[in-house]
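What follows is a set of notes on a single structure, which appears directly below.
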Amino acid sequence: MNIKKQHFLGTTSILLVLAILLSGLALSVAAMGIYELSPKLVMQGTGDFPRLPVVAPGTDGATLALYLVEGDTATQLMTLEGTRAGSNRADARLSPDGRYVACLRTEGEHMRPVLEVVDTQKAQRVIIAEGPKDVREKGAAWEELASVAWMDAEHILYSKVMWPSSEEWVAGWEKGTPPPVQGEVWMSSVDGKE
């Protein structure tokens, strides 16, 4: 089997599993055995995909972009400025009503975290939270935006982790106790005003 066929089959398999998981279907596993998935629930081919936010390289191939996949089309919602494909990360989550996309990403070589909400109907974006714009001093304490989830169609939850400085790590371990890592969960409205 040539490389192109292997790549096509691998990609098709991944997309098939993703489509099944996103539609809420899963194989039931019981202690006595595995139940088979009904043939009418299996999706194959290039078909229609559910509404799904996807982060992939933009048109320039170097910067990441946020796309909204609906059916068999992908529409670019925005370019994730300050990102580089292959080095920065991004996690996009669609709101329960499908109107907003929350995108938690890192930007620049220092991986500064940024959380923004994009309105898919008005092409507007609001920055909800972000890390410091200046480069942090080596060994200094730092704050990380760690995760994002939807509470309802108008509110998102995100977590912050405050990591201790190198000095605090060393001092804690010398005393025999690791320094505390603090975490918080924040809630915000989609417009960032709450």
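Coordinate-derived values only; no laboratory data. The model shown is predicted, which means the values in this text are computed figures rather than measured ones. So basically every Cβ, Gly included, is an ideal-geometry build from the backbone, and we count neighbours across all protein chains shown.
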With no solvent and one equal point scatterer per Cα, compute the Debye intensity ratio I(q)/I(0) for segment 138-179 at 0.19 Å⁻¹ and report its log10, rounded to two decimals. -0.64
With bins 10 Å wide starting at 0, give me the P(r) of segment 53-141 over every alpha carbon pair, in whole percents. 17, 48, 26, 7, 1
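Net charge within 15 Å of Pro53 by Cβ-Cβ distance, Lys/Arg positive one each and Asp/Glu negative one each, not counting Pro53 itself?
Values: positive: Arg51, Arg89, Arg93, Arg99, Arg105, Arg125; negative: Glu70, Asp91, Asp97, Glu116, Asp119.
Around Pro53, the charge tally is +1.
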Note down the net charge around Ala149, summing +1 for each Lys or Arg and -1 for each Asp or Glu among other residues with Cβ under 12 Å from its Cβ. -1
Estimated FRET transfer efficiency (Ala62, Leu157; beta-carbon r; R0 41 Å; 0.05): 0.80
